[in-house]
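Structure first, then comments.
The values are calculated or read from the model by the stated rules, or taken from the named source; none is laboratory data. Worth saying up front: this structure is predicted, and the values here are computed from it rather than measured. As a convention, Cβ positions derive from the backbone with ideal geometry for all residues, glycine included, and neighbour counts pool all protein chains shown.
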Amino acid sequence: MTEVTYLEAVREGLTGALRDDERVFLLGEDIGHFGGAFGVTAGLYDEFGPKRVLDTPIAEEGFVGAAIGAAWQGERPIVELQFADFISCPFDMIVTVAAKTHWRSGIRLPLVIRAPYGGGIRGGPFHASSPEGWFVGVAGLKVVCPGTVADAYGLLRAAVEDDDPVLFFEHKALYRRLRGEAPAGDMRTPIGKAHVAREGADATVITYGSGVQLALALEHDVEVLDLRTLWPLDRDAILASVAKTSRALVLQESPRAGGIAGHVFSVLAQDGFELLDAPAALHAPPDTPVPFAPELEDAYLPTAASLAAALEELLAY
Amino acid sequence: MLTEVPVETRVELFRLICLQRAFEDRVMALYRQGRISGSVYTGRGQEAVAAAAGLALGPDDVVAPLNRELATHFARGVTPADVFRNFLGRGDGPTQGRDGNMHFGVPAKGVFPLVSMLGDLCPVIVGAALAFKRRREPRVAMTFLGEGAFSVGDTHEGLNLAGVWHVPAVFVLQSNGWSYSTPASAQMVNTNLAERIRGGWSIPAERVDGTDALATYEAIRAAVERARSGEGPQAVECVTLRGHGHAAHDDARYVSAELRASFPDPLERLAAQIEDADAIRQAAAEEVAAALAEAEAAPAPDPAQLERGVYAMPV
């Protein structure tokens with residue numbers, strides 16, 4: 001078995017897409033000869049050249065807009081944002097142009113925006129955010145978030161082959177810490193489908209991204225539902241799992257009021273009320289920006305111990 | 001310069017200008033009668049720019065018009081009935097009633113739909129031009145920028161990208177004096193946009209009288225051909241005066257009579273250089289009347305279809 005890191009799986013996904021489809025090209029800041037801020041695109045400039053791996057000025061609104069225009073004209077651009085925090089800059093381009101164009105005109109915009117998100121690298125308020133929740137509920141966008149090595153590859157390949165704009169949130173703390181079997185080249189993770197990462201009886205931990213490994217490490221008899229796609233949300237998978245376990249805990253790295261939790265609770269309140277033996281629980285950081293100092297960030301982020309405590313509280317209800 | 005524009009092009013420019021004028025006069029009347037929901041934006045006084053830009057493009061080129069460039073749509077082959085369908089929110093219109101007035105595109109004609117956020121379409125057009133350059137296709141992508149958009153960061157990011165990537169993008173600058181009720185002098189210190197484009201982004205930019213349809217056409221056509229032949233992004237600043245308010249509810253009382261008197265009507269100006277001008281005007285009025293009748297008879301949108309098309313590939 002060949003083992004690769006989560007970062008290498010993303011790179012393999014980019015490489016495969018570039019090899020398989022002439023229309024695919026990458027654009028972003030410092031992704032060329034430098035290989036990207038995290039090294040995800042290292043080597044791709046040498047293999048594919050400056051026309052396929054395009055360095056941009058520091059202008060996220062501009063190059064996301066340009067990716068939209070290129071997608072309109074039949075290309076399949078993959079944008080890299082250096083940090084997901086910077087997605088606030090092209091927010092307008094994403095929600096105004098990318099999201100609404102197909103519905104208004106029938107124009108397809110096959111476009112992927114990769115955004116390294118999340119804490120654990122002492123990034124502080126501007127380099128550690130989990131802003132994926134801003135795009136949940138936006139008609140026309142798809143939001144995916146791999147929590148495994150396989151999905152880092154499979155979701156990326158699926159996103160590139162999708163005809164809608166896809167926001168691909170990859171967790172930067174998993175880049176080098178998470179290892180797994182190298183995915184087969186033709187492996188694809190379907191967009192819009194959650195995955196039962198582990199079966200269990202006593203509760204369902206509903207999570208994604210960095211939460212998946214944390215939940216899988218629990219010693220309790222719990223089911224782990226990896227959402228994989230945050231929007232459109234796989235309501236059926238949530239309800240099917242909770243029908244089995246009767247208890248639900250949402251684990252996310254986004255602050256309590258952000259992320260996916262509100263939408264999951266909405267599904268449970270509307271359609272899962274009678275399935276539940278206990279109020280749905282939430283384990284998430286407080287509603288503050290991500291702090292810098294190790295003592296603060298370590299207390300801010302969910303840990304194995306804090307998750308276990310939250311789960312035990314739910315199980316004791 | 002006058003003699004360089006062939007007579008058939010001159011006539012076509014005039015026809016497009018008359019069509020925009022007749023359409024917008026009719027749609028303003030409909031608005032005042034309460035027969036148009038939402039709002040109405042016109043390009044009164046700027047029709048020559050819209051017509052010239054549209055005619056300067058080739059059949060395989062693409063364009064993102066704003067809300068004062070109706071004649072650009074017509075030059076691409078969008079019909080007055082299609083546009084009325086959008087104003088009236090008809091189910092078989094370009095947006096199927098999902099968007100109104102000038103907020104529409106016609107993909108089959110290479111027209112990207114207008115969004116209200118000024119400046120957004122500047123980088124989008126640069127991206128379309130990048131696609132053409134990547135594939136070595138001799139095609140050009142065009143959009144328009146007014147003084148309002150010139151205050152928006154997206155515009156500057158787009159112009160910068162166009163220059164750095166050296167793509168076949170053409171920017172038509174609509175200097176009509178006003179951004180809603182705010183004069184250009186309150187938007188920027190140097191209101192000579194062509195000078196700023198040349199100096200700031202090293203993009204060639206000519207400044208023309210946008211009420212002179214022939215000069216405007218010549219300048220934009222030359223810019224389009226330079227872009228097509230690999231000379232990189234181009235710009236043309238067209239100086240006009242916005243003839244109506246920002247939208248139909250705005251009577252533009254803040255524009256003085258003296259200022260208005262200092263700008264000729266582009267339609268009358270070209271009419272003086274066209275044979276059979278009256279017949280062309282008359283034909284435009286008749287085409288608009290027939291188009292309105294056609295659009296009014298079109299079906300209403302079906303609310304049951306509203307959620308279709310949110311995604312190209314629904315999950």
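Descriptive notes on the structure:
- Of all residues in the stretch A:61-111, those satisfying the criterion of being over 27 Å from B:Pro94 (Cα atoms), part of a helix (DSSP H, G or I), touching a Gly at 6+ places or on another chain (Cβ under 9 Å) and more than 7 Å from chain B (Cβ to nearest Cβ) are A:Ala84, A:Asp85.
- Check on A:Arg114, more than 10 Å from every other protein chain (Cβ to nearest Cβ) and either in contact with a Pro (Cβ under 7 Å, 6 or more places away or on another chain) or basic (Lys, Arg) (or both): yes
- Restricting the first member to the stretch B:300-315 and to residues that are closer than 14 Å to A:Val166 by Cβ, and the second to residues that are among the basic types (Lys, Arg) and at pLDDT 95 or above, the beta-carbon pairs closer than 8 Å and six or more apart or on different chains are B:Tyr311/A:Lys142; B:Ala312/A:Arg108; B:Val315/A:Lys142; B:Val315/A:Lys193.
- Of all the numbered requirements in (1) in a loop (DSSP other than H, G, I, E, B); (2) polar (S, T, N, Q); (3) surrounded by fewer than 24 Cβ atoms within 10 Å (Cβ to Cβ), A:Ser129 misses one, and that requirement is (3).
- Tallying residues that are within 14 Å of chain B (Cβ to nearest Cβ) and outside any loop (DSSP other than H, G, I, E, B) within the stretch A:218-241 yields 6.
- Looking across the stretch B:74-112, the residues that are in contact (Cβ under 8 Å) with a residue 40 or more places away in the chain, under 24 Å from B:Leu57 (Cα atoms) and at the interface with chain A (Cβ under 8 Å from one of its Cβ atoms) come down to B:Gly105, B:Phe112.
- A:Ala197 in a strand (DSSP E or B) and of a type in the set (Gly, Ala, Ser): yes
- In the set (1) within 11 Å of another protein chain (Cβ to nearest Cβ); (2) touching a Lys or Arg at 6+ places or on another chain (Cβ under 9 Å), B:Asp120 fails one condition alone, (2).
- Listed by position, the helices (runs of 4 or more DSSP H) contained in the stretch B:1-117 that have at least 3 residues being hydrophobic (A, V, I, L, M, F, W, C) and more than 30 Å from B:Arg207 (Cβ to Cβ) are B:7-32, B:80-87.
- Test: A:Val250 is touching a helix residue (DSSP H, G or I) at 6+ places or on another chain (Cβ under 7 Å) and in the same structural domain as A:Gln82 (by TED's automatic domain parsing): no
- Among the helices (runs of 4 or more DSSP H) confined to the stretch B:175-254, the ones with at least 2 residues that are of a type in the set (A, V, I, L, M, F, W, C) and surrounded by 19 or more Cβ atoms within 10 Å (Cβ to Cβ) are located at B:193-201, B:213-228.
- Any hit, the stretch B:248-258, residues being farther than 20 Å from B:Arg21 by Cα, among the aromatic types (Phe, Trp, Tyr) and out of contact with any strand residue (DSSP E or B) (no Cβ under 6 Å at 6 or more places or on another chain): yes
- Within this structure, A:Ser254 fails the test of being of a type in the set (S, T, N, Q) and without any contact (Cβ under 8 Å) to a residue 60 or more places away in the chain.
- Any hit, the stretch A:265-275, residues being closer than 19 Å to A:Trp134 by Cβ and either in contact with a Pro (Cβ under 6 Å, 6 or more places away or on another chain) or of a type in the set (Gly, Ala, Ser) (or both): yes
- Matching residues in the stretch A:288-308 - criterion: being within 30 Å of A:Asp236 (Cβ to Cβ) and surrounded by fewer than 18 Cβ atoms within 10 Å (Cβ to Cβ): A:Ala304, A:Ser306, A:Ala308
- From the list B:Ala51, B:Ala56, B:Ala64, the lone residue that is within 14 Å of chain A (Cβ to nearest Cβ) and closer than 18 Å to B:Gln174 by Cβ is B:Ala64.
- Across the stretch B:123-153, the number of residues qualifying as at the interface with chain A (Cβ under 7 Å from one of its Cβ atoms), crowded, with 24+ Cβ neighbours inside 10 Å and over 20 Å from B:Pro107 (Cβ atoms) comes to 0.
- Note on the stretch A:261-285: residues that are over 16 Å from A:Val222 (Cβ atoms) and assigned to a loop (DSSP other than H, G, I, E, B) amount to 4.
- B:Ala272 vs. criteria more than 23 Å from B:Met102 (Cα to Cα), out of contact with any strand residue (DSSP E or B) (no Cβ under 7 Å at 6 or more places or on another chain) and either within 14 Å of chain A (Cβ to nearest Cβ) or at pLDDT 95 or above (or both): yes
- Count of the stretch A:53-85 residues, restricted to those that are out of contact with any strand residue (DSSP E or B) (no Cβ under 8 Å at 6 or more places or on another chain) and surrounded by fewer than 22 Cβ atoms within 10 Å (Cβ to Cβ), is 3.
- Residue tally, condition among the hydroxyl-bearing types (Ser, Thr, Tyr) and within 14 Å of the chain's Cα centre (by Cα), over the stretch A:208-263: 4
- The stretch A:82-123: number of residues that are within 20 Å of B:Gly97 (Cβ to Cβ) and touching a His at 6+ places or on another chain (Cβ under 8 Å): 1
- Of the residues making up the stretch A:32-52, those that are closer than 20 Å to B:Gly163 by Cβ and either surrounded by fewer than 18 Cβ atoms within 10 Å (Cβ to Cβ) or out of contact with any Pro (no Cβ under 9 Å at 6 or more places or on another chain) (or both) number 2.
- As a summary of the residue check, A:Val149 satisfies the conditions (1) touching a Ser or Thr at 6+ places or on another chain (Cβ under 8 Å); (2) among the β-branched types (Val, Ile, Thr); (3) within 14 Å of chain B (Cβ to nearest Cβ) except for the one numbered (3).
- Leading residue by the ranking (farthest from the other protein chains (Cβ to nearest Cβ)) among those in the stretch A:242-260 that are part of a helix (DSSP H, G or I) and surrounded by fewer than 24 Cβ atoms within 10 Å (Cβ to Cβ): A:Thr245
- Matching entry among A:Gly65, A:Gly16 (being in contact (Cβ under 8 Å) with a residue 12 or more places away in the chain and under 22 Å from B:Leu114 (Cβ atoms)): A:Gly65
- Selected residue [on the phi > 0 side of the Ramachandran plot and of a type in the set (S, T, N, Q)] from A:Ser246, A:Ser241, A:Ser210: A:Ser246
- Qualifying residue in the stretch A:286-305 (condition: under 27 Å from A:Leu141 (Cβ atoms), assigned to a helix (DSSP H, G or I) and within 23 Å of the chain's Cα centre (by Cα)): no
- Within the stretch B:53-74, the residues that satisfy the criterion of being aliphatic (A, V, I, L, M) and farther than 24 Å from B:Leu130 by Cα are B:Leu70, B:Ala71.
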